[in-house]
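*Asks:* Would you mind keeping the following structure in view while I ask a few things?
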Amino acid sequence: DAGITQSPRHKVTETGTPVTLRCHQTENHRYMYWYRQDPGHGLRLIHYSYGVKDTDKGEVSDGYSVSRSKTEDFLLTLESATSSQTSVYFCAISTGTSNTEAFFGQGTRLTVV
Amino acid sequence: ILNVEQSPQSLHVQEGDSTNFTCSFPSSNFYALHWYRWETAKSPEALFVMTLNGDEKKKGRISATLNTKEGYSYLYIKGSQPEDSATYLCAPSQGGSEKLVFGKGTKLTVNP
């Protein structure tokens, strides 16, 4: 299995509080992604990173920010959590070459009450 | 935002049936097409990554074809088994970018 770990695995937080989710990899892969899973929408891309300090927005980036200060860590921050951000969040990594797949973390279940 | 369409949205088949689904994507500036299998309460796992027009890939009873000129890929499952029940996702990428945007998936249920 690819070395990718998400933390925490489960979190309950209150509306209006900031929350940070962490994705840690030991594979030295260039690309890292954050997705959220929602019924009827599959996986939607929030942000992704193509290198240290290089990030770009995905489909549903409003209300989220990311940081990548080193290769192995990609942090997703909900600046002020809302109930609509209750979801399962998946991190993924890839080498970025055209013929290689992405590997996914185990997911983080976030509930905003 | 890349427009990725998967059809059908869901599919119920009987054990032993063969089935197929479609992924449609913009043909311009094509780079690669990924297929993933996603079981409930688990993480998505890669099936295939395809890059060349006319590519065909196979893994056991599952195979896929790619048409980059018209912008579609088919995923086939031969002799479906209950353990094939999952959501199948595709994700094209364009122009050398590895920005992976997924379709909404096809949810397959195989009844014993």
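The values are calculated or read from the model by the stated rules, or taken from the named source; none is laboratory data. Fair warning: this is a prediction, and the values are worked out from it, not measured in the lab. Don't worry about glycine lacking a Cβ; one is built from the backbone with ideal geometry, like all the others, and counts go over all protein chains shown.
*Asks:* Kindly indicate which of A:Ser69, A:Ser87, A:Ser83 is without any contact (Cβ under 8 Å) to a residue 24 or more places away in the chain and over 30 Å from B:Leu52 (Cβ atoms). Full working, then the answer.
*Replies:* Numbers: A:Ser87 fails: without any contact (Cβ under 8 Å) to a residue 24 or more places away in the chain; A:Ser83 fails: without any contact (Cβ under 8 Å) to a residue 24 or more places away in the chain.
Testing whether each residue is without any contact (Cβ under 8 Å) to a residue 24 or more places away in the chain and over 30 Å from B:Leu52 (Cβ atoms) leaves just A:Ser69.
*Asks:* Restricting attention to the stretch A:97-113, and to residues there that are touching a residue at least 24 places away in the same chain (Cβ under 8 Å) and surrounded by fewer than 17 Cβ atoms within 10 Å (Cβ to Cβ), which single residue is farthest from the other protein chains (Cβ to nearest Cβ)? Spell out how you get there, then give the answer.
*Replies:* First pass over the stretch A:97-113, keeping only residues touching a residue at least 24 places away in the same chain (Cβ under 8 Å): A:102-113.
Narrowing further to those that are surrounded by fewer than 17 Cβ atoms within 10 Å (Cβ to Cβ): A:106, A:109, A:111, A:113.
Values: A:Gln106: 6, A:Arg109: 10, A:Thr111: 16, A:Val113: 22 Å.
Of everything passing the filter in the stretch A:97-113, A:Val113 is farthest from the other protein chains (Cβ to nearest Cβ).
*Asks:* Then there is this: Given the residues A:Ser84, A:Ser80, which is the only one that is out of contact with any helix residue (DSSP H, G or I) (no Cβ under 8 Å at 6 or more places or on another chain) and assigned to a helix (DSSP H, G or I)? Steps first, answer last, please.
*Replies:* Working: A:Ser80 fails: assigned to a helix (DSSP H, G or I).
Sole residue among the options that is out of contact with any helix residue (DSSP H, G or I) (no Cβ under 8 Å at 6 or more places or on another chain) and assigned to a helix (DSSP H, G or I): A:Ser84.
*Asks:* For A:Gly96, are the conditions met, namely being among the small types (Gly, Ala, Ser) and in contact with a helix residue (DSSP H, G or I) (Cβ under 8 Å, 6 or more places away or on another chain)?
*Replies:* Spelling it out, it is not the case that A:Gly96 is among the small types (Gly, Ala, Ser) and in contact with a helix residue (DSSP H, G or I) (Cβ under 8 Å, 6 or more places away or on another chain).
*Asks:* Here is a check on your reading of the model: is A:Glu59 under 15 Å from the mean Cα position of the chain (by Cα), modelled with pLDDT under 95, at the interface with chain B (Cβ under 9 Å from one of its Cβ atoms) and in a loop (DSSP other than H, G, I, E, B)? Spell out how you get there, then give the answer.
*Replies:* On the way: under 15 Å from the mean Cα position of the chain (by Cα): yes; modelled with pLDDT under 95: yes; at the interface with chain B (Cβ under 9 Å from one of its Cβ atoms): yes; in a loop (DSSP other than H, G, I, E, B): yes.
So A:Glu59 passes the test.
*Asks:* So, in the stretch A:47-68, exactly how many residues are surrounded by fewer than 13 Cβ atoms within 10 Å (Cβ to Cβ) and more than 15 Å from A:Thr26 (Cα to Cα)?
*Replies:* Here is the first cut: in the stretch A:47-68, the residues surrounded by fewer than 13 Cβ atoms within 10 Å (Cβ to Cβ) are A:51, A:53-54, A:62.
Narrowing the set further to residues that are more than 15 Å from A:Thr26 (Cα to Cα) leaves A:53-54, A:62.
The total comes to 3.
*Asks:* The conditions are (1) without any contact (Cβ under 8 Å) to a residue 24 or more places away in the chain; (2) within 10 Å of the chain's Cα centre (by Cα); (3) not in a strand (DSSP E or B), and B:Gly103 fails exactly one of them. Which is it?
*Replies:* So the condition that B:Gly103 fails would be (1).
*Asks:* Go through B:Thr87, B:Thr22, B:Thr51 for me and flag whichever is surrounded by fewer than 18 Cβ atoms within 10 Å (Cβ to Cβ), among the β-branched types (Val, Ile, Thr) and closer than 25 Å to A:Gly105 by Cα. I'd like the intermediate steps shown before the answer.
*Replies:* Working: B:Thr87 fails: surrounded by fewer than 18 Cβ atoms within 10 Å (Cβ to Cβ); B:Thr22 fails: closer than 25 Å to A:Gly105 by Cα.
Step by step, each of B:Thr87, B:Thr22, B:Thr51 is checked, and only B:Thr51 is surrounded by fewer than 18 Cβ atoms within 10 Å (Cβ to Cβ), among the β-branched types (Val, Ile, Thr) and closer than 25 Å to A:Gly105 by Cα.
*Asks:* Of the conditions (1) more than 14 Å from chain B (Cβ to nearest Cβ); (2) within 27 Å of B:Thr106 (Cα to Cα), A:Lys70 satisfies every one except a single condition; which number is it?
*Replies:* (2)
*Asks:* Moving on to the next point. Residue check: is B:Glu70 surrounded by fewer than 19 Cβ atoms within 10 Å (Cβ to Cβ) and away from chain A (no Cβ under 14 Å)? I'd like the intermediate steps shown before the answer.
*Replies:* Values: surrounded by fewer than 19 Cβ atoms within 10 Å (Cβ to Cβ): yes; away from chain A (no Cβ under 14 Å): yes.
Here the answer is yes, as B:Glu70 does meet what is asked.
*Asks:* Every residue in the stretch A:31-56 that is away from every other protein chain (no Cβ under 14 Å) and either touching a helix residue (DSSP H, G or I) at 6+ places or on another chain (Cβ under 9 Å) or among the charged types (D, E, K, R) (or both), please. Show your work before the answer.
*Replies:* Looking only at the stretch A:31-56, we keep the residues that are away from every other protein chain (no Cβ under 14 Å), and these are A:52-53.
Hit for the stretch A:31-56 is A:Lys53, nothing else.
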